[in-house]
Structures are given as structure tokens and as C-alpha cells.
1. Work through the residues other than W106 whose Cβ is under 12 Å from its Cβ and net out their charges, Lys, Arg +1 and Asp, Glu -1.
2. List the relative contact order of segment 31-179 as a percent without decimals, with contacts defined as Cα pairs under 8 Å and 6+ residues apart.
3. Just the Cα atoms of segment 31-179, one point each, no solvent: what log10 I(q)/I(0) does Debye give at q = 0.09 Å⁻¹?
4. Give me a comma-separated list of calculated 3J(HN,Hα) values for segment 103-116, in order, Karplus coefficients 6.51, -1.76, 1.60 applied at θ = phi - 60°, integers in Hz, x for any Gly or Pro.
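Computed from the coordinates by the stated procedures, all read-outs in this text should not be read as laboratory data. Quantities reported herein were computed from a predicted structural model and do not represent experimental measurements. Here the Cβ is made from the backbone with ideal geometry for all residues, glycine too, and neighbour counts use every protein chain on show.
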Amino acid sequence: MWSRFRRAGISALVLPCSILVLTAAQSAHAALGSAPLTPPSDASVSSRVVQPASGSTQGVMRSEASAASSTSSSSASYTVRETTFGNGTVVREYLGASGAVFGIAWHGPQMPDLSDLLGSYFPQYVAGVKAVRAARGNARGPVAVDGTSVMVRSGGHMGAFSGVAWLPSALPAGVSGSDIQ
């Protein structure tokens, strides 16, 4: 029976699964390095403008109105967009002056879809996770992926996940990876 299913079923399953994978890939919104995610209808979104303090990596919160009125320092400011999903998970996206996301942080009871959050950097993350786990003998645990183009820290356990990701080359002046929280 299994061989008959295998002969008939493999070809019958390959096409629908391929279509599903292609459809999912086309509908994904890449965030890191591009535009912010489009939140689902059950999510709440807030944002604030942050101006890095001169000479340090600590940010100073400013209102959007005062940031808009100050043109001399607004080029170094960035926006933190916080989305709280219906399941309680919070995702913060750090947007540069161009509107592109240069950093992401997340925490909550469920792991967000990292393929959506990391976008085109997701394959580098997956390769880094595989390398870390191989070095640990496939043991699970917190992961740090230090790539040349993307940095990711992720960890947690059921009910409490957290992580950060950022693009070192896209960080605005006065901002470091430790500012992504």
C-alpha cells in the first residue's frame, strides 16, 4: 500500500505544495533592509522619533513635531515603530531617515515569523543557526549569528521569546547594535 501511495501521491503532492510555497513567498513582506511590516488587523502600532545623543549611543526621545521642526539634526534621527500583535508579541522596527528598517527587536509569548522580519537576510540567519547548532552538537539554546551584513541574537523558551537583528552597515550615525532593544 505504501508504495502505491508513494507512486501516485508524490506527484500529486509536489505540485500543490510547490504552489503553496511560492504563494507564501510572494505574500511575505520583508522588513529588515526594506519597508516596515504591514501589521495584521488585530495589531496595535505606535511610533516615536529618537535622536541619538551626540558623543554617545544613548537615544533621546523627541516628539515627531519637534523632530520635524529641527532640520539640522533630523538626518541622524530614526523612528522606532512598535507593533503589538493580538497574541501579545511585540515587534519594534527601527527605521532610518529613508524609511528602511535597519534594526528589529521582538519579545513575547510567541516567536514572530522571522522569515518575514528578516526578509532577504533570513537565509543567512538559517545558515548561521545551523553552524552554531552543529558546533554545539545540535543542542538548542540561544543563538548569536554574526554575519558581515546582518547580526541576529535570538533566544527564549515556550511563552517567552526575544531577540534582536540589525544591519551594521545601515546603522545611523551615533547608533550601535546595543541600541536595538
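1. Around W106, the charge tally is -2.
2. Relative CO of segment 31-179 lands at 24 percent.
3. -0.30
4. x, 9, 9, 9, 7, x, x, 10, 6, x, 6, 5, 5, 6
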